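Engineer: So that we are looking at the same thing, I have put the structure below in structure tokens.
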Amino acid sequence: MIRTATHRFRPAVLACLAAGTATGLVAVPETRGAAAAEGDQPRNIIVFIADGCGESTHRAYECWRGEPMVYQGPEWSRYDATTYALRPGSRPSRGVEPLEQDPRYVYDFDLASDTTPDEGSSGGYPFHVRGYRWLRATAPDSANTATSIFAGVSTYTGAINVDGAGTPVPSVSRAAADAGKAVGIVSTVPYSHATPACAAGTSVVQREMYHEITHQMLTSDICTVIAGAGHPEFDDSAQRRESPKYKFISEEDWTALRSGTLATSTPVAGATAGVHDTPAAWTLVDDVDTIRSLATGDTPERLFIVGRAAQTLQQIRAPHQNGDSTPPGGHPRNTGVPTLSELTLAAINAVDDDPDGFFLMVEGGAVDWAMHDNQIGRMIEEMDDYHSTLETVCAMLDSGDRGFDWSDTLVVVTADHDHLLLGPDSDTVPFQPLEDRGEGNLPGFRWHSNSHSNIPVPLFARGKGADRFESIPTTAAGPKRVFHQTAIGRLLLDLIDEPTAAASD
Ligand SMILES: [Zn+2]
């Protein structure tokens, strides 16, 4: 039931740190926005996030792959981003200083790299050294980090586009929609998980409010296309359930989506122009062949794509076991579900005919889930799906045959946070890097937790406006250029809000 897209003319509004082994960082919690420059605003912005993909995650995939990744070429600029939260805890503060940075969580190179032996442990994982303990104890989550990246605001763990007091903050995608751009959100995990929720411009005080998040996504006028896992009618192995499980979307919204009656809200009269001038009904697509067919041709005005799998497209499929080190491809993959590349191609086709450009977020979300489960093989599978998506998009930009290329598009490749994955002897050799055991082989590794760490993450940028990252003040004392993730969000907001030379209609 695909309807032909109505051509939408919108008034263009105004327009390694490898476990602390790199050059020392000093603890400076805030950076300012990048200096403005005339005429360097990209028409399109694509942000790739591999969730939980710190330096060692990149390295693990690189060892197995046997060659550098597409974003390690000379055309790309490399930075590092600190990821720390405003404070721990999953609720907004009612205190007198709800927006104040808790200094104990600010990335501190000396504390992070402390190799003094530590006999303690937590969650079944020994600390070994004080640095590991500190990195684990001060770790951020995917919600506070995504709020930094997509709204430029530091906040508490669990917050979705709200500040430390729980007040909603303006997001990059809201700004993009207000500037007339199409917005697309793609993930390998449920559409309402923290990263896509923030990227889609929703605001809630607690990340587990999945029904509310999805309802906001579907009833705001921000997104043109949303694509991910999170199907109520299928399980993690892509098998149909006996009865639906409404974890990530309410039964009411799902039923309305199914019947084609769920529409965006009516834009407020006289408000800044959003994506649409009238409410638009969502078209639900979950059949994998139809999803693949959406890579070309006309697309519905609003497109909600959900793969027929419960939580991840592939990662939690049976047999599923924590600590499983089966190499990539060692277990049969789910069938009947799309790849991240296929979701992304459909999403790009849905947003790329907008005359004002687009904002697209693509998340390898299950990279993080595999890391939580200490499954290095499945982590590499997820990285491979993510990286091949990147290669596909980069080839599209190289050719320019879709009407956009590097001259008008900014691509940012980063992660939200790190996991503490180190070399095989890193229990006795502090911060030992992963051991390269050759192409097609798992690297030598050791898990130091089943959750996140506070190690800064790499960021790669290329395309129109990428040089703006150069002007973000660094927080590092040394040659490495380091900034807090909030600088990413502020830069993206600047790039969207500044008047552009192309903003003529
Ligand atoms: Zn995580």
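Engineer: Here is a check on your reading of the model: is Tyr107 within 30 Å of Ala175 (Cβ to Cβ) and in contact with a helix residue (DSSP H, G or I) (Cβ under 8 Å, 6 or more places away or on another chain)?
Structural biologist: no
Engineer: Could you go through segment 425-443 and let me know if any residue there is within 26 Å of Asp110 (Cβ to Cβ) and within 16 Å of the ligand (Cβ to nearest atom).
Structural biologist: No: zero hits.
Engineer: Tell me which strands (runs of 3 or more DSSP E) are completely within segment 330-423 and hold 2 or more residues being open to solvent by less than 10 Å² (accessible area, probe 1.4 Å) and more than 16 Å from the ligand (Cβ to nearest atom), or say none if there are none.
Structural biologist: Of the strands (runs of 3 or more DSSP E) lying wholly inside segment 330-423, those with at least 2 residues that are open to solvent by less than 10 Å² (accessible area, probe 1.4 Å) and more than 16 Å from the ligand (Cβ to nearest atom) span 358-364, 409-414.
Engineer: So Ala281 passes all but one of these: (1) under 30 Å from Asp418 (Cα atoms); (2) surrounded by 15 or more Cβ atoms within 10 Å (Cβ to Cβ). Which condition number does it fail?
Structural biologist: (1)
Engineer: For segment 216-240, how many residues meet the condition of being open to solvent by 70 Å² or more (accessible area, probe 1.4 Å) and part of a loop (DSSP other than H, G, I, E, B)?
Structural biologist: 1
Engineer: Just name the residue that is least open to solvent (accessible area, probe 1.4 Å) out of those in segment 35-89 that are in contact with a Gly (Cβ under 6 Å, 6 or more places away or on another chain) and farther than 29 Å from Ala159 by Cβ.
Structural biologist: Asp40
Engineer: Could you tell me how many of the residues in segment 449-475 are surrounded by fewer than 21 Cβ atoms within 10 Å (Cβ to Cβ) and over 20 Å from the mean Cα position of the chain (by Cα)?
Structural biologist: Matching residues across segment 449-475 total 5.
Engineer: Now for a separate question. Could you tell me how many of the residues in segment 424-451 are touching a Lys or Arg at 6+ places or on another chain (Cβ under 8 Å) and not in a loop (DSSP other than H, G, I, E, B)?
Structural biologist: Residues flagged as touching a Lys or Arg at 6+ places or on another chain (Cβ under 8 Å) and not in a loop (DSSP other than H, G, I, E, B) within segment 424-451 amount to 4.
The values are calculated or read from the model by the stated rules, or taken from the named source; none is laboratory data. Computed from a predicted structure; not experimentally measured. Positions of Cβ are backbone-derived with ideal geometry, glycine not excepted, and every protein chain shown enters the neighbour counts. Only protein heavy atoms, including side chains, enter the accessible area calculation; ligands, DNA and RNA are left aside. Shrake-Rupley method; radii C 1.70, N 1.55, O 1.52, S 1.80 Å.
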